[in-house]
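Asks: Take a look at the following structure, please.
Laboratory data are not the source of any read-out in this text; all were calculated from the coordinates shown. The model shown is predicted, which means the values in this text are computed figures rather than measured ones. Because the Cβ atoms are built from the backbone with ideal geometry, glycine has one as well, and the counts that use them run over all protein chains shown.
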Ligand SMILES: [Mg+2]
């Protein structure tokens, strides 16, 4: 069980996605995934990561994790850590296939079968192009074909119907980001009362229509300076949020502590920062009510376990980010099954019911507002042969 080959797959249709398949000398394969600047991560995988890991034992994942810690790029969700994350997920999947066990069992066993989901209200084309974090990449003036669930358009134009359709599916928790347009207009330096009134209107409308039946979270994407973020958070306090996410950029622990001092809502942060040592600096502030980690960015499942243990020592729950692809979603649900302080699982139903099934053989089943893992060993899914051979799929192989 030595690492014998790494194959990456990119797709012209999903230019931010990168899939990584590891193959062992015994012919066992494992599947990983990461998101953003896929071409740069692909280059790093073949030029830098493959020479380090080729020939290493594929089942000694901790050793691979240690050997692949980069000398530079070891903080935040760097290209190096995104590549390392995809490999780590693939190795856990391969170990599952080798032992015939689901990843959640290998992570220590299941404390739960299902975990509740919340819906991130993106549309089918959301952040598909290279302009990540820009409202012009939100896909609401979509050039691509509209999907069944255009939830970003929904929260901007008809939030009550959107919330109703989620409740009809059994999903009682949702996250929206109506502040981003105002932030881009002033580089996050000022929100006028008119903009604030317009941005909180969808939350107020949903609360008025459905009361406490729908749990509301706000995503601020770290776009605001501290005083403006405080103004927004205090307005959201009045409506009652499940959490406010990334109210400021995770650059300054002191600023986050300042913000928490004047905001009642739970603050959720972390996905952009990477692994456990990075998170400790922010957990030390006492301002985080929920640590959000992305298994495809933080260093994979190996690092996610460390992050969850660390957060647990601060009596803080964790939630896995998923606004990217189906493999990280499955890895996240396995992680939630095996992690006591897992809080909730993010899904993007526009992606889940939109394009995920075009890429992989199985998805984690979503039913009555909860999600569980697909059947079978490892992560319970493979890339579709049709996807690998599809026109517009770009693959590269490094072999021992
Ligand atoms: Mg987020």
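Asks: Could you work out how far helix 79-99 tilts from the main Cα principal axis of the chain, as a 0 to 90 degree angle to the nearest 10?
Replies: Value to nearest ten degrees: 60.
Asks: Using helices alone, I'd like the mean residue ellipticity at 222 nm for the chain: each DSSP H run of four-plus residues gives -39500 (n - 2.57), total over residue count, nearest 500.
Replies: -10500 deg cm²/dmol
Asks: Related question: With both partners inside region 244-392, how many of the DSSP beta bridges are antiparallel, as a percent to the nearest 5?
Replies: Among the beta bridges of region 244-392, antiparallel pairing accounts for roughly 25 percent.
Asks: How large is log10 of I(q)/I(0) for region 42-100 at q = 0.16, 0.20, 0.25 Å⁻¹ when the intensity is taken from the Debye formula with one equal scatterer per alpha-carbon?
Replies: Debye curve over Cα of region 42-100, log10 I(q)/I(0) at q = 0.16, 0.20, 0.25 Å⁻¹: -0.47, -0.72, -1.06.
Asks: Something else: Would you work out if region 125-265 is rounded, prolate or oblate? Take a ≥ b ≥ c from the square roots of the eigenvalues of the alpha-carbon gyration tensor; rounded if a/c is under 1.5, else prolate when a/b is larger than b/c, oblate otherwise. Write out the running numbers ahead of the final one.
Replies: Numbers: a/c = 1.87, a/b = 1.21, b/c = 1.55.
Verdict is oblate for region 125-265.
Asks: Kindly express, to the nearest 10 degrees and within the range 0 to 90, the angle between helix 193-210's C-alpha long axis and the longest C-alpha principal axis of the chain.
Replies: 80
Asks: Using the per-residue mean of other Cβ atoms lying within 10 Å as a proxy for protection, in what order, highest first, do the peptides 336-342, 267-273, 207-213 fall?
Replies: Packing proxy ranking, top to bottom: 267-273, 336-342, 207-213.
Asks: Could you work out how far helix 300-313 tilts from the main Cα principal axis of the chain, as a 0 to 90 degree angle to the nearest 10?
Replies: So the helix axis and the longest Cα principal axis differ by about 50 degrees.
Asks: What list do you get for 149, 353 if you sort them by fewest beta carbons within 10 Å?
Replies: Ranked by crowding around the Cβ, least crowded first: 353, 149.
Asks: Quick one: of the DSSP bridges fully inside region 105-371, what percent are antiparallel, nearest 5?
Replies: 15
Asks: Here's a follow-up. At q = 0.10, 0.16 Å⁻¹, what is the log10 ratio I(q)/I(0) for region 105-371, with the Debye formula run over Cα points and no solvent?
Replies: One equal scatterer on each Cα of region 105-371 leads to -0.47, -1.33.
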